[in-house]
Amino acid sequence: DAGVTQTPRHEVAEKGQTIILKCEPVSGHNDLFWYRQTKIQGLELLSYFRSKSLMEDGGAFKDRFKAEMLNSSFSTLKIQPTEPKDSAVYLCASSLQGGSNERLFFGHGTKLSVL
Amino acid sequence: GEQVEQRPPHLSVREGDSAVIICTYTDPNSYYFFWYKQEPGAGLQLLMKVFSSTEINEGQGFTVLLNKKDKQLSLNLTAAHPGDSAVYFCAVSFYGSSGNKLIFGIGTLLSVKP
């Protein structure tokens, strides 16, 4: 099942560390999204790429969060430096094309715990 | 800006009962609507995508209703079973000043007890 693949599944970091989360979208998909999921805020958009170009960079997350997409089949989300409030599940999703009007395919997520 | 309110945040029902989750949105020009299901430890999976022109949408074991007058979207599981236990999210697509936007509801944790 060549869906969206996210690694690692779990990450534990100490405050101040740099962590990198990875995502491989569905092959052939042009749009890629990074979301942060918490119980209080629900799903918050961090970044949105179309054909590797950054289309949206969530304003509140700009200072310590950086998403990159160096090729069409791989994206990273770097958090530097981490803070305890960053503890959440980070979801990556892709869609064929069409941005917000198309079905999103989600990965299993990376559960981040910052001590 | 556009907002999507989802309720209830938690819902517990017995097997065979119905379960209803409601989302209310603010932008009357919203035109695509989605329901996603998230099982424990997994990503979100699409249940149904609804177009603004269709009011009643039948799925397998559930119905999605779109009430454009009240700007309300609902998911009705007609006879819930334990396998339906999951977190359910609605999502609403609308056209904003910087292009298409997709807003998710906060999610509803559904527990179906045998």
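Worth a mention:
- Filtering region A:76-115 to residues that are of a type in the set (A, V, I, L, M) and either within 14 Å of another protein chain (Cβ to nearest Cβ) or farther than 12 Å from A:I19 by Cα (or both) leaves A:A88, A:V89, A:L91, A:A93, A:L96, A:L104, A:L115.
- Some residue of region B:58-81 being surrounded by fewer than 15 Cβ atoms within 10 Å (Cβ to Cβ), modelled with pLDDT of 85 or more and among the hydroxyl-bearing types (S, T, Y): yes
- Just one residue in the set A:L32, A:L46, A:L54 is surrounded by fewer than 19 Cβ atoms within 10 Å (Cβ to Cβ), aliphatic (A, V, I, L, M), within 14 Å of another protein chain (Cβ to nearest Cβ) and in contact with a strand residue (DSSP E or B) (Cβ under 9 Å, 6 or more places away or on another chain); that residue is A:L54.
- Considering region B:82-114, the residues that are small (G, A, S) and away from chain A (no Cβ under 14 Å) include one that is surrounded by the fewest Cβ atoms within 10 Å (Cβ to Cβ), namely B:G83.
- Any chance B:E2 is within 15 Å of the chain's Cα centre (by Cα), under 26 Å from A:L91 (Cα atoms) and acidic (D, E): no
- Sole exception among (1) within 24 Å of A:Y35 (Cβ to Cβ); (2) touching a Gly at 6+ places or on another chain (Cβ under 7 Å); (3) more than 14 Å from chain A (Cβ to nearest Cβ) for B:T78, by number: (1)
- Neighbours by Cβ (under 9 Å, 6+ apart or cross-chain): first from region B:25-52, within 11 Å of another protein chain (Cβ to nearest Cβ) and acidic (D, E); second in a strand (DSSP E or B) and surrounded by fewer than 19 Cβ atoms within 10 Å (Cβ to Cβ): B:E39/B:Q45
- Search result, residues across region A:10-41 that are in a loop (DSSP other than H, G, I, E, B) and closer than 15 Å to A:K78 by Cα: A:E14, A:K15, A:G16, A:Q17, A:T18
- Looking across region A:57-75, just one residue is of a type in the set (A, V, I, L, M, F, W, C) and either within 14 Å of another protein chain (Cβ to nearest Cβ) or in a loop (DSSP other than H, G, I, E, B) (or both), and that is A:A60.
The values are calculated or read from the model by the stated rules, or taken from the named source; none is laboratory data. From a predicted model like this one, the values you see are computed outputs, not experimental measurements. Reconstructed Cβ throughout: ideal geometry from the backbone, glycine too, with neighbour counts over all protein chains shown.
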